[in-house]
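For reference, the structure discussed in these notes is given below.
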Amino acid sequence: GIDYTRFNSMAPGPEGPLFARSEDEIIIGTLGALRTEKNLPRLVRAFAQLRDFPNVRLVIAGSGPAGEDARREAQSLGVSERVTFTGHVSRPERAYRLFDIFAISSDTEQMPLGMLEAMAAKLPVAALDVGDIRRMLPPENLPFANGRGESELVDSLRRLCADAALRNSIGAANARHVFTHYNADRMCAEYDAMF
């Protein structure tokens, strides 16, 4: 479970925003430990195919050895000026407040807590069908978590980038779903009852 209130609040903290964004930008973001299994080059390649959305930026938040692979991919595809690397983020809610879409390009996952945090922050999720991802999502977001390849991720990102109202409605459904099923208070009570 996660601290729903912490991630659901859109009020800026005293430290200010994590990065600057323009009003008309659409931010596709991911956040976590940048490990090889996250397959960040796949996410960069998918992002590079969104040529019909010049106002879209990719933000990769976090630190780890696979960050360099993503940087090299962005440079080789000529999109490095539209990809932001924040480095380590001690308060992830600072990033979620600035994202419009949360993306996961992993080869494998179990139950990514970062995705629950993003859902609590009212973000739609574009992901592949790995691990428990589809089991964690409400019906509204399921059409955007399909397949195991780059083309499915591109399709999900393209559809979400094209429709702000859709992003908002899925984000709201995701927040309700996390509050109902993954709120830390409920999870603690359920574990306490089991023990």
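The values are calculated or read from the model by the stated rules, or taken from the named source; none is laboratory data. Note that this is a predicted model, so its numbers are computed, not measured. Here the Cβ positions follow ideal geometry from the backbone for every residue, glycine too, while neighbour counts run over all protein chains shown. All accessible areas refer to the heavy atoms of the entire protein, side chains included, with ligands and DNA or RNA removed. Shrake-Rupley method; radii C 1.70, N 1.55, O 1.52, S 1.80 Å.
Pairs linking a residue in region 153-177 that is under 17 Å from MET119 (Cα atoms) to a residue that is of a type in the set (Lys, Arg) and at pLDDT 95 or above, with Cβ atoms under 7 Å and 6 or more positions apart or on different chains, are LEU160/ARG167; GLY171/LYS122; ALA172/LYS122; ASN174/LYS122; ALA175/LYS122.
For region 85-105, the set of residues classified as part of a loop (DSSP other than H, G, I, E, B), small (Gly, Ala, Ser) and surrounded by fewer than 20 Cβ atoms within 10 Å (Cβ to Cβ) consists of SER90 only.
Among the residues of region 1-58, what is the count of those that are acidic (Asp, Glu), in contact with a helix residue (DSSP H, G or I) (Cβ under 9 Å, 6 or more places away or on another chain) and closer than 30 Å to GLN110 by Cβ? Walk me through it before giving the result.
We begin by selecting, within region 1-58, every residue acidic (Asp, Glu); these are 3, 15, 23-25, 37, 52.
Now restrict to residues that are in contact with a helix residue (DSSP H, G or I) (Cβ under 9 Å, 6 or more places away or on another chain): 3, 15, 52.
Still in the running and closer than 30 Å to GLN110 by Cβ: 3.
Number satisfying all stated conditions: 1.
If you go through region 34-52 one residue at a time, do you hit one that is over 15 Å from the mean Cα position of the chain (by Cα), of a type in the set (A, V, I, L, M), more than 24 Å from ASP3 (Cα to Cα) and open to solvent by 10 Å² or more (accessible area, probe 1.4 Å)? Yes: one or more hits. Screening ALA193 on (1) part of a helix (DSSP H, G or I); (2) more than 11 Å from MET119 (Cα to Cα); (3) open to solvent by less than 40 Å² (accessible area, probe 1.4 Å); (4) of a type in the set (Gly, Ala, Ser) shows it passes everything except condition (3). Please specify each residue of region 43-62 satisfying the condition of being over 18 Å from ALA118 (Cβ atoms) and not acidic (Asp, Glu). VAL44, ARG45, ALA48, GLN49, LEU50, ARG51, PHE53, PRO54, ASN55, listed by residue number. For the residues ALA145, ALA126, the requirement of being surrounded by 18 or more Cβ atoms within 10 Å (Cβ to Cβ), touching an Asp or Glu at 6+ places or on another chain (Cβ under 7 Å), under 13 Å from ILE101 (Cβ atoms) and not aromatic (Phe, Trp, Tyr) singles out ALA145.
Looking at the structure I just gave you, is LEU58 surrounded by 14 or more Cβ atoms within 10 Å (Cβ to Cβ), in contact with a Cys (Cβ under 8 Å, 6 or more places away or on another chain), outside any helix (DSSP H, G or I) and in contact (Cβ under 8 Å) with a residue 12 or more places away in the chain?
Values: surrounded by 14 or more Cβ atoms within 10 Å (Cβ to Cβ): yes; in contact with a Cys (Cβ under 8 Å, 6 or more places away or on another chain): no; outside any helix (DSSP H, G or I): yes; in contact (Cβ under 8 Å) with a residue 12 or more places away in the chain: yes.
No; evaluated as a whole, the condition is false for this residue.
Selection over region 14-43 of residues that are part of a strand (DSSP E or B) and over 15 Å from VAL89 (Cα atoms) gives a count of 3. Applying the criterion of being charged (D, E, K, R) and farther than 23 Å from GLY1 by Cα to the residues of region 148-177, the residue that is surrounded by the fewest Cβ atoms within 10 Å (Cβ to Cβ) is ARG148. Give me the residue from region 106-123 that is assigned to a helix (DSSP H, G or I) and over 8 Å from the mean Cα position of the chain (by Cα) and, out of that set, nearest to LEU40 (Cα to Cα). The selected residue is LEU113.
Do you know which residues across region 136-190 are among the hydroxyl-bearing types (Ser, Thr, Tyr) and in a helix (DSSP H, G or I)?
Scanning region 136-190 gives SER151, SER156, SER169, THR180.
Selection of first residues in region 30-54 that are within 14 Å of ALA162 (Cα to Cα) and of second residues that are in a loop (DSSP other than H, G, I, E, B) and open to solvent by 60 Å² or more (accessible area, probe 1.4 Å), restricted to Cβ pairs under 9 Å at least 6 apart or on distinct chains, gives the following pairs, ordered by first then second residue: PHE47/LEU77; ASP52/ALA162; PHE53/ALA162.
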